[in-house]
Amino acid sequence: MNYTLHQLHVFLKVTQLESITKAAEELFLTQPAVSIQLKNFQDQFEIPLTEIIGRQLYVTDFGKEIALAAENILNEVYAINYKTLAYKGQLSGRLKISIVSTAKYIMPYFLTDFLKNNSDIELILDVTNKSKVLESLEKNEVDFSLVSVLPENLMVDRVELMQNKLFLVGNNLEKFNKKKYNKTIFENLPLIYREKGSGTRLVMEKFIEQNNLPVHKKMELTTNEAVKQAVIAGLGYSIMPLIGIKNELNSGLLQIIPVYGFPIISTWHLIWHKNKKFSPVAKSFLNYIQNEKNNIIKEKFDWIKGY
């Protein structure tokens with residue numbers, strides 16, 4: 001056999017995403033280039049690694065075993081590279097972070113300078129819903145997670161970052177009074193929800209239950225962006241994090257509807273497994289966050305105080 005590290009990398013990405021198209025996007029390659037690498041790798045095995053049924057790619061049992069071996073090989077290669085850089089006195093390695101989808105509006109600001117000052121660190125950032133974030137944390141697949149709702153059944157340590165404010169929002173087609181409305185306003189406002197497992201939905205449902213709000217559920221969507229676009233289009237209203245709608249508020253596409261009891265306030269926390277053994281990279285990042293978080297919040301998120 002004469003496979004290359006590049007082929008291993010391409011094959012592993014295809015198996016993880018179960019899609020040549022998605023693998024090509026993440027690898028910044030063309031779809032034909034990924035297909036060629038996958039074929040060249042497959043040609044070295046007599047047993048199929050993948051199969052196509054309909055238009056869906058599936059990984060065979062044999063392919064899953066090869067994918068696991070490929071991941072182990074690539075991890076060893078990364079380790080060699082990191083050890084070389086460490087021997088030269090440079091901080092290097094992988095920093096793995098999982099964040100809830102709304103946190104994509106804030107996490108980059110807590111990473112930018114750290115990564116600029118440590119250019120040999122490789123960042124792996126997974127943006128998903130709360131359930132999957134906590135699952136990856138529990139399985140020790142990541143160094144840190146960023147959430148606005150702390151897990152109840154998982155022992156974690158944490159650093160408090162900043163407030164997360166949620167408001168009732170609608171598009172700009174209907175005029176609302178500047179005075180605050182009471183909870184009866186919800187009787188006439190169809191609400192758009194995030195999917196189950198979302199931290200935003202959990203906070204929203206807890207608030208609705210505690211305040212006995214007379215809500216009418218209109219629909220359920222899987223991302224904050226999808227909810228935002230649905231509200232802008234006039235399909236309904238939603239309770240949304242302020243951090244994700246700044247531009248739409250400034251441009252007038254969305255408006256905050258003043259209601260007693262709002263905003264709902266939770267807190268963004270950077271969390272990690274209580275028994276986590278930090279790598280030098282993870283320890284350095286945690287020190288950076290603890291030392292610089294207040295400066296970052298003041299510089300990048302001071303506008304939130306105005307709401």
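The values are calculated or read from the model by the stated rules, or taken from the named source; none is laboratory data. Because the structure is a prediction, the values reported are computed rather than measured. Counting neighbours? That spans all protein chains shown, and the Cβs are built from the backbone with ideal geometry, glycine included. Quick note on the areas: whole protein, heavy atoms, side chains included, nothing else; ligands and nucleic acids left out. Shrake-Rupley method; radii C 1.70, N 1.55, O 1.52, S 1.80 Å.
Listed conditions (1) modelled with pLDDT under 90; (2) surrounded by 11 or more Cβ atoms within 10 Å (Cβ to Cβ) are all met by Ile289, apart from (1). Put simply, of Asn211, Asn275 the only residue that is within 30 Å of Asp120 (Cβ to Cβ) and of a type outside the set (Val, Ile, Thr) is Asn275. Out of (1) farther than 23 Å from Asn129 by Cα; (2) open to solvent by 20 Å² or more (accessible area, probe 1.4 Å), the odd one out for Val259 is which? Unmet for Val259, out of (1) farther than 23 Å from Asn129 by Cα; (2) open to solvent by 20 Å² or more (accessible area, probe 1.4 Å): (2).
Could you check, for the range 49-70, whether at least one of its residues is acidic (Asp, Glu), under 30 Å from Asn118 (Cβ atoms) and within 29 Å of the chain's Cα centre (by Cα)? No, the range 49-70 has no match at all. The conditions are (1) in a helix (DSSP H, G or I); (2) at pLDDT 90 or above; (3) over 25 Å from the mean Cα position of the chain (by Cα); (4) β-branched (Val, Ile, Thr), and Val77 fails exactly one of them. Which is it? Single failed check for Val77: (2). Residues in the range 21-32 that are assigned to a helix (DSSP H, G or I) and more than 13 Å from His9 (Cα to Cα): Thr21, Lys22, Glu25, Gln31, Pro32. The set of residues in the range 133-164 being among the β-branched types (Val, Ile, Thr), open to solvent by less than 10 Å² (accessible area, probe 1.4 Å) and over 21 Å from Asn295 (Cα atoms) consists of Val133 alone. Cβ separations smaller than 7 Å between residues 6+ apart or across chains give the following pairs from the range 105-132 residues that are surrounded by 13 or more Cβ atoms within 10 Å (Cβ to Cβ) to residues that are among the hydroxyl-bearing types (Ser, Thr, Tyr) and assigned to a loop (DSSP other than H, G, I, E, B): Asp120/Ser92; Ile121/Ser92; Asn129/Ser198; Lys130/Ser198. The listed residues are Lys179, Lys228, Lys217, and the only one of them that is farther than 29 Å from Glu299 by Cβ and not in a strand (DSSP E or B) turns out to be Lys179. The set of residues in the range 34-58 that are under 15 Å from His9 (Cα atoms) and surrounded by 13 or more Cβ atoms within 10 Å (Cβ to Cβ) comprises Val34, Ser35, Ile36, Gln37, Leu38, Asn40, Phe41, Gln42, Leu49.
Close Cβ contacts (under 7 Å, 6 or more residues apart or on different chains) running from residues in the range 2-14 that are basic (Lys, Arg) to residues that are open to solvent by 60 Å² or more (accessible area, probe 1.4 Å) comprise Lys13/Glu26. Applying the condition of being under 21 Å from Thr223 (Cβ atoms) and β-branched (Val, Ile, Thr) to the range 178-209 and asking which residue is farthest from the chain's Cα centre (by Cα) yields Ile208.
Tally up the residues in the range 231-246 that are part of a helix (DSSP H, G or I) and closer than 20 Å to Lys165 by Cβ, please. Within the range 231-246, residues that are part of a helix (DSSP H, G or I) and closer than 20 Å to Lys165 by Cβ number 6. Would you mind stating whether Glu248 is without any contact (Cβ under 8 Å) to a residue 60 or more places away in the chain, open to solvent by less than 40 Å² (accessible area, probe 1.4 Å) and not aromatic (Phe, Trp, Tyr)? Against the criterion (without any contact (Cβ under 8 Å) to a residue 60 or more places away in the chain, open to solvent by less than 40 Å² (accessible area, probe 1.4 Å) and not aromatic (Phe, Trp, Tyr)), Glu248 qualifies.
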